[in-house]
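Chemist: Please see the structure below; I have some questions.
A short reminder: the numbers here are calculations on the coordinates, not readings from a lab. In this text the structure is predicted, and so the values were computed from the model without any measurement. When we count neighbours, we look across all protein chains shown, and the Cβ atoms used for this are built from the backbone with ideal geometry, even at glycine.
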Amino acid sequence: MSTVAEAGSRKGLPALSSTLKYLIRVVLLGIVDVFALLLAIAIGNDGNWFLAIAIILTTVIVNIINLVPNLWPMRWMSPAIALLILVAFYPLLYTVYVSFTNYSDGHRYTKTEALDLIADRKFLPEGVVNYSWVPFRNEAGDYALWLTDQEGNTFLTAPGQDLQEVTPNESGSGPYDDNGVPTTIDGYTLLTGGDRFKALAELQEMEFGTSENPIGILNRSEAGNFQQRWVFDEERNVLTDKQAGIEYKANDDTGEFVAADGSRAPIGYWVVIGFDNFEEIFSSSLTEGPLLRVFLWTIGYAFGGVLTSFAMGLFMAIMLDVKWRGIRVVRSLLLIPWAIPGMISILIWRGMLQGASQITEVSGIIPKTLDDLFGWTPAFFTDPTWAKVAILLVNLWFAYPYFMLISSGAMQSIPSSIYEAARVDGASSWRQFRDLTLPLILVSLGPLLIASFIFNFNNYLLLEALNGGGPPMKGANVPPVGHTDNLITYTYRYAFASGGTRDFGLASAIAVVIFFIVALLTLAQFRLTRRWEEIGENV
């Protein structure tokens, strides 16, 4: 009996039939589908249809994987595939799409959203009566306004209710305060002090009176018969500023409203502009300006950071490849820079490299020591060359423990017999390192060196936290660019930093260019790794 049960399932538990398993799978997928559909609808209603479509497509793929028998071996990977699509592929594709648009300050909305936004703006025409006002509220939370015109006439109005002139001591009004305003009237109670201040924002969003004679609140003391300032004529595709009397023709190619004199309305909209952003990247004004220098420094920093860190790490690994007492403790201590949180280390290094200035007369330990010994202090934060040296120095501190660790591991995999044969042949220590150790280590560490290069190429934290990309380049003001900015920090300033218009479309185009640059460099480095493998096979 027990044998049959154990044959059915592990530990004697009854086995589930294939039909029941399939039903359970369908029910669980149905629950996931419902939540995904509700999420997609909610996101779509907020206007982000791209993400909503991505969620629906991801859900369809997960369903196919779990329902098609031939794809069942991948069902355990379906959560990872879903995350890969939503966290990696969707942002990449969306960035590519944005790079072909004019999405930026002044062009953050679709045409419909921009018109809805600007339609809320009101103005008080000249010659129209304006009023001083005080608010009232009843027990139901409805508001009313007590209005006083310039001649001292008083009126009461509420949303949807025309102005009703009120005479002092009229029936239904309570006792009057020192300003001649009743404390209660027709079931409404006067709001004063903090209650009035709290209600101000809500009152400014409301429209009192009737549609023929609307009354709006301008500020804390004035109200009046406001009119809609911006009116859009859909047939003519024209936006009219009624206050200034200017008509702006919509240009759907650039996402702007342009007047006959060339002036533009204070709001634009988001449109596809083709390759304009990429043309701007490769225009002479950018390539001959800061972008070319930023690109060259990015390449130099990526290669220099990997080269110096790998050289130091390999040197330390060779020096510590001995069997001394306590050598393990020394190795552990040398890993401390890798274990300390990066931001903390960067701030410590920033303090150590900081020189005296007009703000503070205290120098960091490194400039102070150099000044005491040689009477000279490098300008690590104001001189472009020394700022780059400081970046490479701090990067070396961060990265050498990693390369020391992986180099030590790679050296352990090299058979000692080849060194014995080399010594028999009379090879010197340098010859053994050049012809044996280095080629074999490069074969093992090639992919890791490529990964480190990509990390340095995209490093944002070190460059931004140490010196903010400074010192600033002369003439590069929009956006502000520094001599140690790489392509990532440069793109960030275009998209988010202050100092000019935030141009998300151009920043996305730069990000796409960065993606292809990294892809090409990675491909070239992988080919170099294959050459190292061929060299390793011949060692």
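Chemist: For the chain, how many pairs of lysine residues have a Cα-Cα distance under 23 Å, where the two are 8 or more positions apart or belong to different chains?
Modeler: For the chain, qualifying lysine pairs total 9.
Chemist: Let me ask something else about it. Which helices of the chain meet both criteria: a Cα extent of 24 Å or more along the helical axis and a mean Kyte-Doolittle score no lower than 0.0, with helices taken as whole DSSP H segments?
Modeler: Membrane-span-like by this criterion, though nothing is claimed about a membrane: 18-45, 49-67, 290-319, 384-412, 438-457, 504-538.
Chemist: Give the long-range amide H neighbours of Arg502: residues separated by 5 or more places, or on another chain, with amide H under 5 Å away, using H modelled in the peptide plane at 1.01 Å from N.
Modeler: The list, which skips near neighbours in sequence, is Asp105.
Chemist: Taking 41 Å as R0, compute the FRET efficiency from the Cβ-Cβ separation of Asn213 and Ala259 and round it to 0.05.
Modeler: Using R0 = 41 Å, I get an efficiency of 0.85.
Chemist: Shifting gears a bit: Give the shape of region 286-538 as rounded, prolate or oblate, defined through the alpha-carbon gyration tensor: a ≥ b ≥ c are the square roots of its eigenvalues, a/c under 1.5 means rounded, and otherwise the shape is prolate if a/b is larger than b/c and oblate if not. Working shown, then result.
Modeler: Details: a/c = 2.59, a/b = 1.46, b/c = 1.77.
Oblate, because a/c is 1.5 or more while a/b does not exceed b/c.
Chemist: With a 10 Å radius around each residue's Cβ, average the other Cβ atoms per peptide and rank 41-49, 61-69, highest first.
Modeler: 61-69, 41-49
Chemist: Same structure again: Please name whichever of Leu370, Ala511, Leu39 sits farthest to the positive end of the charge dipole of the chain, dipole taken about the Cα centre and charges placed at Cβ: Lys and Arg +1, Asp and Glu -1.
Modeler: Of the listed residues, the answer is Leu370.
Chemist: Using a 7 Å offset from Cα along Cα-Cβ at Arg121, what residues in region 248-270 end up with backbone N under 18 Å from the label point?
Modeler: Backbone N within reach: 248-251, 255-270.
Chemist: About its Cα centre, how strong a charge dipole does region 404-510 have in debye, to the nearest 20, once Lys and Arg get +1 and Asp and Glu get -1 at the Cβ? Mind dumping the intermediate values first?
Modeler: Working: 6 positive and 6 negative charges, 36 e Å.
So the magnitude is around 180 debye.
Chemist: A further question on this structure: Assuming 0.36 nm per residue, please report the length gained on full extension of the stretch Asn179 to Gln228 beyond their Cα-Cα distance.
Modeler: Numbers: separation 49, 0.36 × 49 = 17.64 nm, distance 3.22 nm.
Going from the current span to full extension adds 14.4 nm.
Chemist: Among Arg331, Arg220, what is the fewest-to-most ranking by other Cβ atoms within 10 Å?
Modeler: Arg220, Arg331
Chemist: Something else: For the ranges 250-261, 293-304, what's the packing order if you count other beta-carbon atoms within 10 Å of each residue, average per peptide, and put the highest first?
Modeler: Numbers: 250-261: 16.3, 293-304: 18.2.
Listed from highest to lowest mean packing, they are 293-304, 250-261.
Chemist: Using the Karplus curve 6.51 cos²θ - 1.76 cosθ + 1.60 with θ = phi - 60°, what ³J(HN,Hα) values do you get for each residue of region 138-154, in whole Hz, with x for Gly and Pro?
Modeler: Values per residue, Gly and Pro as x: 9, 5, 7, x, 7, 9, 9, 10, 9, 10, 10, 7, 5, 8, x, 6, 10 Hz.
Chemist: Label-point separation (nm) for Asp142 and Val26, each offset 7 Å from Cα along Cα-to-Cβ?
Modeler: With each label point 7 Å from Cα toward Cβ, the separation is 5.5 nm.
Chemist: Oh, and also: How long is the gain from Tyr94 to Glu420 if the chain were fully straight, where each residue apart is worth 0.36 nm and the alpha carbon distance is subtracted?
Modeler: My answer for the length gained is 111.6 nm.
Chemist: Ordered by packing density, taken as the mean number of other Cβ atoms within 10 Å over each peptide's residues, highest first, how do 151-160, 368-377 rank?
Modeler: Per-residue Cβ counts within 10 Å, averaged per peptide and sorted highest first, yield 151-160, 368-377.
Chemist: Among Leu314, Trp270, Thr298, flag the residue with its Cα farthest along the positive direction of the charge dipole of region 249-403, charges on Cβ as +1 for Lys/Arg and -1 for Asp/Glu.
Modeler: Leu314
Chemist: If you put +1 on each Lys and Arg Cβ and -1 on each Asp and Glu Cβ, how big is the dipole of region 290-406 around its Cα centre, in Debye rounded to 20?
Modeler: 460 debye
Chemist: At what distance in nm do the modelled label points of Leu438 and Leu335 sit from each other, each positioned 7 Å from its Cα along Cα→Cβ?
Modeler: About 2.8 nm separates the two model spin labels.
Chemist: Here's a follow-up. Which of the listed residues, Tyr94, Asn130, Asn225, is farthest toward the dipole's positive end in the chain, when Lys, Arg count +1 and Asp, Glu count -1 at the beta-carbon?
Modeler: Positive-end residue among those listed: Tyr94.
Chemist: Follow-up question, since we're still on this one. Taking the Cα centre of the chain as the origin, how large is its charge dipole in debye, to the nearest 20, when only Lys and Arg (+1) and Asp and Glu (-1) carry charge on their Cβ atoms? Don't jump to the answer; show the numbers that get you there.
Modeler: Details: 35 positive and 51 negative charges, 841 e Å.
About 4040 debye.
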